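What follows draws every value from the coordinates through simple rules; no lab data is involved. It should be emphasised that the depicted structure is a prediction, and the values quoted were computed from it without experimental measurement. No Cβ is skipped: glycine too gets one built from the backbone with ideal geometry, and neighbour counts run over all protein chains shown.
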Amino acid sequence: MSLCVGILIVITILNLRGVREAGTAFAVPTYLFVGTLLITIVAGVVRVFLSGGHPTPAVPLPPPPPVTEAVGYWLMLKVFASGCTALTGVEAVSNGVKAFREPTVKNAQRTLTVIIFLLAALLAGISYLVKSYGIAATDPGQRGYQSVLSMLTAAVFGKGIFYYLTIGSILVVLSLSANTAFADFPRLCRAIAQNNYLPHAFGYRGRRLVYTYGIVVLAVLCGGVIVLFGGITDRLIPLYAVGAFLAFTLSQSGMVMHWRKKRGPNWLKSALVNGLGALVTGVTTAVVLVAKFVEGAWITLLFIPLTIVFFTMVRRHYHAVKLLTTCKVPVDAARLNQNPIAVIAIDRWSNITRQGLEFAARLSPEVIALHVEPNDHSELLQDDWEQYVDQPFRAAGKQPPELHVLPSPYRFIIIPIVQFILDLSKKYPDRTIIVVIPELVEDKWYEYFLHNQRGRLLEWALLARGNERVFAVTAPWYVGERT
């Protein structure tokens, strides 16, 4: 399981670096996998013919597990369900058509043709050799487990350099096959987000021009599934198979409706082809769901309705926000001459406080300073306020700011300030209140943890409990400019 999580982290980092870089990194292992497997199949078929149909394995094969189930309809359904999962990779091309170079359709068709040819050749060759060598699958949950490809490669070439090269390429390709989801899932999320069924953040491109949110969310979800199922592939396949074949069924059914509405030349022929595809994939979905229900397919059956409910809730939220924010009222120019009330929260007299107070005074001639006590600086602040604030304002012929000392017997800082601002908003229902928050900006990122972040907490509290007449602005004081 730890190996799977580690591989997932590597794939995530590669995709965050960009699609082109990920494709280049995954191309070499893919070519090596296909080449070594084709060599194994060709060499195995030659040995079968040379031995008269009864080849001798190069290394002894593990004994087959005991038969625990007789051949019957139920077993045939389970085998059919497991076999169908081998076909679920072909949809990756159709999902990622937009990622191909021009002409996109032709390049996608050629790629799909090559994939189907290779899939047919590999499945046919492996099936023939497995039967010829008498290879039986072992239980992945038991000790001494070997995959069918591992036993087949060892039976043809033995456990030499070529064996480890082949198994290594298989391991890398199977591990990196998750890149299909990383290539398509973010783009799919973007399309859904553009229709307001997912948060709009999924449609934003990151610094490397990839959809960062989709990649990160997919990595987190995959990591959770891997940990939940212990990284055992046989337990994960039903989750994927049901979703994949259900998507096939829906897409084929959608194409039938498309041809029926369009009714162009030869539309009936196209509708029949897509209808047949919908019927076949629909039956496959039902078989996989029934055969793999206990093994984990029930999770997909539960997850899909919950996902639809989530999409609906997101869509309703965006629709409600659009209705609320749509404005057809002109600007009230008559009220623009009314000055706001500036409120500034201070702890002690400092350069940070001085800069914030000067900024507040520029915003409004009516400034209210808030200080919470008991505080170690309360007594000293009273003297500093008279010397550094009241006297300079009076000398300039201006009204000095009011200093309000708020009692807080339980030493809460944020709550009294927020409550004062809310009461002030009720007292002056026709006035705008601007809350100026002096803030220290550290020079190094790690210095952030050396100072309290009450300014950020105050801003969040005002956003949570305030109203449209309360505005919060920061007055940053940069340490780096003074050192």
Give me the percent relative contact order of the chain, please, defined on Cα pairs under 8 angstrom at least 6 residues apart. 13 percent
Neighbourhood net charge (15 Å Cβ-Cβ; Lys/Arg +1, Asp/Glu -1) for L272: +4
Under the Karplus relation with 6.51, -1.76 and 1.60 and θ = phi - 60°, whole-Hz ³J(HN,Hα) for segment 278-284, x at Gly and Pro, equal 5, 5, 5, 5, x, 4, 4
In degrees from 0 to 90, rounded to the nearest 10, what is the angle of the helix 298-325 Cα long axis to the longest principal axis of the chain? 30 degrees
Multiply the residue separation of F311 and K444 by 0.36 nm, subtract the distance between their alpha-carbon atoms, and state the gained length in nm to one decimal. 43.8 nm
P400 neighbourhood, Cβ < 12 Å, K/R = +1, D/E = -1, net charge -2
Of all trypsin sites (Lys or Arg not before Pro) in segment 396-483, which ones are in loop regions per DSSP and have a Cβ with at most 12 other Cβ atoms within 10 Å? K398, R411, K444, R482
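Can you list the chymotrypsin sites (Phe, Trp or Tyr not before Pro) in segment 353-430 that are in a DSSP coil and have 15 or fewer other beta carbons within 10 angstrom? Walk me through the numbers before you get to the answer.
Values: sites: F359, W385, Y388, F393, Y410, F412, F420; in loops: Y410, F412.
Those that pass, being in a loop and sparsely packed, are Y410, F412.
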Could you tell me the ratio Rg/Rh of segment 167-311? Both radii from Cα atoms, Rh via Kirkwood. 1.02
Expressed in nanometres to one decimal, the distance between label points 7 Å along Cα→Cβ at I13 and Q453 is 2.6 nm
Non-local amide H neighbours of L198 (under 5 Å, H modeled in plane, Pro and chain starts lacking H): which ones? A193
Placed amide H near I344: partners under 5 Å, 5+ positions off or other chain: I368, A369, L370, V436
What does a probe at I115 reach in segment 252-289, counting residues whose amide N is under 12 Å from the point 7 Å along Cα→Cβ? none
Do you know the relative contact order of segment 407-483, to the nearest whole percent, from alpha carbon pairs under 8 angstrom that are 6+ apart? 42 percent
Under the classification rounded if a/c is under 1.5, otherwise prolate if a/b is larger than b/c and oblate if not, where does segment 334-478 fall, given a ≥ b ≥ c as square roots of the Cα gyration tensor eigenvalues? rounded
Of L462, L336, P401, which is farthest towards the positive pole of segment 334-478's charge dipole, taken about the Cα centre with +1 and -1 on the beta-carbons of Lys, Arg and Asp, Glu respectively? L336
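To the nearest whole percent, what portion of all C-alpha pairs in the chain is separated by more than 30 angstrom? All intermediate terms of the calculation are to be shown ahead of the outcome.
Details: 75978 of 116403 pairs.
When all Cα pairs of the chain are counted, 65 percent exceed 30 Å.
May I ask you to sort H319, H404 by Cβ crowding, counting other Cβ atoms within 10 Å and putting the fewest first? Numbers along the way, then the final one.
Numbers: H319 11, H404 15.
Final ranking by Cβ density, sparse to dense: H319, H404.
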Among the lysines, select those whose C-alpha is under 18 Å from the C-alpha of K292, and discard any that sit fewer than 8 residues away in the same chain. K78
Rounded to the nearest 500 deg cm²/dmol, what is the calculated helix-only ellipticity per residue at 222 nm for the chain, with -39500 (n - 2.57) per DSSP H run of length n ≥ 4? -20000 deg cm²/dmol
Could you state the angle between the C-alpha long axis of helix 179-194 and the longest principal axis of the C-alpha atoms of the chain, as a value from 0 to 90 degrees rounded to the nearest 10? 50 degrees
Could you pull out the longest piece of the chain with no exposed loop GluC sites (Glu not before Pro) in it, calling a site exposed if DSSP puts it outside H, G, I, E, B and it has at most 13 other Cβ atoms within 10 Å? 70-467
Would you mind calculating the relative contact order of segment 334-478 from Cα pairs under 8 angstrom and at least 6 residues apart, reporting the percent as a whole number? 30 percent
With axes computed from alpha carbons, what is the tilt in degrees of helix 161-176 against the longest principal axis of the chain, rounded to the nearest 10 within 0 to 90? 40 degrees
Work from the charge dipole of segment 200-352 (Cβ charges, +1 for Lys and Arg, -1 for Asp and Glu, about the Cα centre) and give the residue of G231, W298, A278 farthest towards its positive end. A278
Return I13, I434, I413 ranked ascending by Cβ neighbour count within 10 Å, so the fewest neighbours appear first. I13, I413, I434
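Taking the Cβ of each residue in V367, V172 as the centre, tally the other Cβ atoms inside 10 Å and list the residues starting with the fewest. Please list the in-between numbers first.
On the way: V367 25, V172 17.
Arranged by neighbour count, lowest to highest, V367, V172 become V172, V367.
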